[in-house]
Amino acid sequence: MNEAAISSRDERPLAPGLYIVATPIGNLGDITLRALDVLKRADRIACEDTRHTQKLLNHFGIVTPTVSCHEHNERARAAELIAAMKNGGRIALVSDAGTPGISDPGSLLVTQAIAAGVSVIPIPGANAALAALTASGIAAAEFHFAGFLPEKPGARRTRLESLLAECEAAEAPRTLVFHEAPHRILPMLEDLESMWGADRRIVVARELTKVHEEFLRGTVVEVRKVLGSREQVRGEFVVLVDAQPRTGARVRVQVQESVAGRIARLQAEGGVDEMEALKRLARERGLSKSELYRELQRERARPKGRGKS
């Protein structure tokens, strides 16, 4: 495309619709030229936090009006914005950082816009998960983005247990990608260590594209000890887990005996009590004793199957 064609395109009015605009995750230089063009020419910018976005707009001299669109008002705001777009409006959607809808508000507005027949146009750019993945050194051919884990410890461990089972049963190696907050990063790593094994290879990326950008690479226990030795843990984190199945893991997942059955066998073979057998099984399966004990209780609570009459 020659310069005249580019100039002609830029002079045309922005087409009506919803523009999903990725913004920098730290370094303001990561904004794209197309994103700046859309933000300048849109009728309104729907923001996760108008105060936060205003700093970005001021930096680039953009005066487009803003309106809030966050997790607490997205449903109500969507109706208003869609009505404007159906009348020919151009709305740019941004989150505080990165790509809207990826661990950020925006998905509901996109879904409702599509249902209303409004054009939805992606304006790609910075994304913390992909930035961390490309520089992690862990295989990126197949990855699973899991976003933020649940806040409550029990729910977090249940989710990690489920992901472990899925990865161990998979045919091909994959990488799991998580977002995590600074106050939850150490408890998350402790759960990974107890449930997935201390030698599981991980990469923790912190403050991506910012002055204090940092990558910590090693086993779960190594990375946890580094972060745990610091007086204060700061920054937003991306955690990447090498979820390659262990040798023979797929067979074990498919034919794995019940917790109660394995405990009974360990007691018979080793002459130990139930709690010692539970400890040994926890080490064997790379899980916490509490998780195994809960599973044991669930097994015992299930009704016995009736024989055929």
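General observations
- Residue within segment 89-103 that is part of a helix (DSSP H, G or I) and either among the hydrophobic types (A, V, I, L, M, F, W, C) or free of Cβ contacts under 8 Å to residues at least 24 places away in the same chain (or both) present: no
- Matching residues, segment 136-157, being touching a residue at least 12 places away in the same chain (Cβ under 8 Å) and closer than 17 Å to S194 by Cβ: L149, P153, R156, R157
- Subset of segment 83-111 [in contact with a Leu (Cβ under 8 Å, 6 or more places away or on another chain) and aliphatic (A, V, I, L, M)]: M85, I91, A92, L93, V94, L109, V110
- Each residue in segment 160-172 was checked for being surrounded by 15 or more Cβ atoms within 10 Å (Cβ to Cβ) and either out of contact with any strand residue (DSSP E or B) (no Cβ under 8 Å at 6 or more places or on another chain) or of a type in the set (D, E, K, R) (or both), and 5 pass.
- L208 being under 15 Å from V239 (Cα atoms), at pLDDT below 95 and within 19 Å of the chain's Cα centre (by Cα): no
- Filter pass, T134 being among the polar types (S, T, N, Q), under 22 Å from D30 (Cα atoms) and not in a loop (DSSP other than H, G, I, E, B): yes
- Check on G125, more than 21 Å from the chain's Cα centre (by Cα) and not charged (D, E, K, R): no
- Count of segment 190-212 residues which are without any contact (Cβ under 8 Å) to a residue 40 or more places away in the chain and either surrounded by 14 or more Cβ atoms within 10 Å (Cβ to Cβ) or not assigned by TED's automatic domain parsing to the domain that holds F143 (or both): 4
- The number of residues in segment 124-145 being touching a Lys or Arg at 6+ places or on another chain (Cβ under 8 Å) and on the phi < 0 side of the Ramachandran plot comes to 6.
- Considering only residues in segment 21-36 that are in contact with a helix residue (DSSP H, G or I) (Cβ under 7 Å, 6 or more places away or on another chain) and not hydroxyl-bearing (S, T, Y), the one that is surrounded by the most Cβ atoms within 10 Å (Cβ to Cβ) turns out to be V21.
- Restricting A46, A15 to those that are surrounded by fewer than 15 Cβ atoms within 10 Å (Cβ to Cβ) and touching a residue at least 40 places away in the same chain (Cβ under 8 Å) reduces the list to A15.
The values are calculated or read from the model by the stated rules, or taken from the named source; none is laboratory data. All of these numbers come straight from a predicted model, not from anything done at the bench. Reconstructed Cβ throughout: ideal geometry from the backbone, glycine too, with neighbour counts over all protein chains shown.
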